[in-house]
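The values are calculated or read from the model by the stated rules, or taken from the named source; none is laboratory data. Please read these numbers as outputs of a predicted model, since none were measured by experiment. Here Cβ is always computed from backbone atoms with ideal geometry, including for glycine, and neighbour counts include all displayed protein chains. Calculation scope for accessible area: heavy atoms of the full protein, side chains included, ligands and nucleic acids excluded. Shrake-Rupley method; radii C 1.70, N 1.55, O 1.52, S 1.80 Å.
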Amino acid sequence: MASKENTLYVKEFYTLDQLGKDLNFSIQSLRKFVKDGELVASKVGTKYVVKRDDIIKWLNNNKV
């Protein structure tokens, strides 16, 4: 059985804050991409979350 230290953990969902930090984008830019329909996101409570697969599609389509 694999230990927790050896298990690769990949998140399925990211908040716009997390995504902005990882990609060096402002939260305002990411919100505009969501509003314009360029980036697919869902609102959960007061925050937007983006699926990992949608982030990959968006990055590939925009060559960011």
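Looking only at the range 11-25, which residues are open to solvent by 80 Å² or more (accessible area, probe 1.4 Å) and either of a type outside the set (D, E, K, R) or at pLDDT below 90 (or both)? It would help to see each step written out before you state the result.
From the range 11-25, those open to solvent by 80 Å² or more (accessible area, probe 1.4 Å) are 13, 21-22, 24; that's our starting set.
If the condition is that a residue be open to solvent by 80 Å² or more (accessible area, probe 1.4 Å) and either of a type outside the set (D, E, K, R) or at pLDDT below 90 (or both), then F13, N24 are the ones that fit.
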Go through the residues of the range 35-51 one by one and say whether even a single one is open to solvent by less than 80 Å² (accessible area, probe 1.4 Å), touching a strand residue (DSSP E or B) at 6+ places or on another chain (Cβ under 7 Å), part of a helix (DSSP H, G or I) and at pLDDT 90 or above.
no
